[in-house]
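Working notes, beginning with the structure itself.
The values are calculated or read from the model by the stated rules, or taken from the named source; none is laboratory data. The structure presented is a predicted model; accordingly, all values stated were derived computationally and were not measured. Heads up, the Cβs are rebuilt from the backbone with ideal geometry, glycines too, and the neighbour counts pull from every protein chain shown.
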Amino acid sequence: MVRDVLLARGGASGAASGLGRAHHDLVKALDSDKIEGYAVGGVIEHELGGNPATRINRRWRSHPKRVRNSLPMMDLLHITDQEQAHLIPENCPIPVSVTVHDLFHLFPRVAEGVEVGEQKPGKVRMKDLEKLRAGLARSDLLICDSNTTLMEVKEHFPDVNSVCVPLGLALEERSPESNPLSKPTWLEDEGKHLLLVGSEEPRKRLDFAIRACRGLSGVILHKIGAESNSDAEKQLKALAAAHGVDLRWQGRVSEGELQAAWQHADGLLFPSIAEGFGYPPLEAMAGGCRVLVADVGSANEIPLTASLLPVDNVMAWNRAIKELPTGRCPESLKRAEEFSSQKFAQNMAKAFDSLF
């Protein structure tokens, strides 16, 4: 018996963001029959944009109504990220699950002096957050990306069943052994090429990574990410100049170019102090790249222990960068095998099965 899954989210964001990638990977896994016993019955999402009034009406009224009206003939409703939990109807006639990447915005905090999540949301956002918390409480199963998020979910939603299902990647297409890619032109200069991948959100601590490279000759930092903020970019470039760090702002690159970078760069710096899952370290390891990651959940659940560094010790990071070997890292490739798309699909099937 194959059960039809209705997948629902808000805006139709692409795979460049973490939430977008997780959604698209789940759709792909269901479409390709990798999640045994389940298939895509439908996908409900909406176009991005619109004025504030349109967005609120769509988010709180028309979009939830679309979901509710699409439930007949479906076997399971799955919300693909926690920011859309308001879409869960009251007294839902079929089982419903939610992928929970993190709880930053629902339960904000301060970590290492950095604000994580919205500390002072406005009235509209406050109401929105109430709807999200109520939706999560109505779910039959909360599927968490990491054990760190699972622990938070159990604390805040103790009456809802929850489970950890780490995300996965199609490793074969990323491996330098099965799919070697040409080196991007911007990695051809002599030196130790290190990557910073992601947005300039304070929790990513790109400033910490820049300070950690101070005094290291021959180190070249490449900032990659489409979610660029011009003010943050200016500040980070100024900080790099003040510390004598060679920072090269690459901005948006294609998926193929990023995969090639993972295969040829010498390392990834990932000092983020708050992640739902943390795709970049896993993507880097799948390409045979070495990683240096802050020893804090959830990101510390992915790399080997030798790749983890103290959150607040900039000198420890400086030493690790200085001593970081160049060339491909077999240990990274081996560790990445624990997060294959096949294992993700098997674990998702088990999670869905528990609802029946």
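Below is a table of values for the structure above.
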quantity	calculated
Residue pairs meeting the criteria (Cβ under 8 Å; at least 6 apart or on separate chains; first over 16 Å from Val153 (Cα atoms), in segment 127-141; second in a helix (DSSP H, G or I) and of a type in the set (Gly, Ala, Ser))	Lys131/Ala85
Some residue of segment 52-62 being part of a loop (DSSP other than H, G, I, E, B), among the hydrophobic types (A, V, I, L, M, F, W, C), touching a helix residue (DSSP H, G or I) at 6+ places or on another chain (Cβ under 8 Å) and not assigned by TED's automatic domain parsing to the domain that holds Glu201	no
Complete set of residues in segment 259-293 that are of a type in the set (Gly, Ala, Ser) and within 27 Å of Glu190 (Cα to Cα)	Ala260, Ala261, Ala265, Gly267, Ala284, Ala286, Gly287, Gly288
The one condition in (1) closer than 25 Å to Asn300 by Cα; (2) crowded, with 22+ Cβ neighbours inside 10 Å that Glu255 fails to fulfil	(2)
Among (1) free of Cβ contacts under 8 Å to residues at least 60 places away in the same chain; (2) more than 24 Å from Ile210 (Cα to Cα), the one test that Gly168 misses	(1)
Test: residue in segment 310-324 that is surrounded by fewer than 24 Cβ atoms within 10 Å (Cβ to Cβ), under 20 Å from the mean Cα position of the chain (by Cα) and assigned to a helix (DSSP H, G or I)	no
Residues (closer than 25 Å to Lys350 by Cβ and either crowded, with 19+ Cβ neighbours inside 10 Å or outside the structural domain of Ile79 (by TED's automatic domain parsing) (or both)) located in segment 5-24	Val5, Leu6, Leu7, Ala8, Arg9, Gly18, Leu19, Arg21, Ala22, His23
Yes/no for Asn347 being in a helix (DSSP H, G or I), over 19 Å from Thr149 (Cα atoms) and either in contact with a Phe, Trp or Tyr (Cβ under 7 Å, 6 or more places away or on another chain) or of a type in the set (S, T, N, Q) (or both)	no
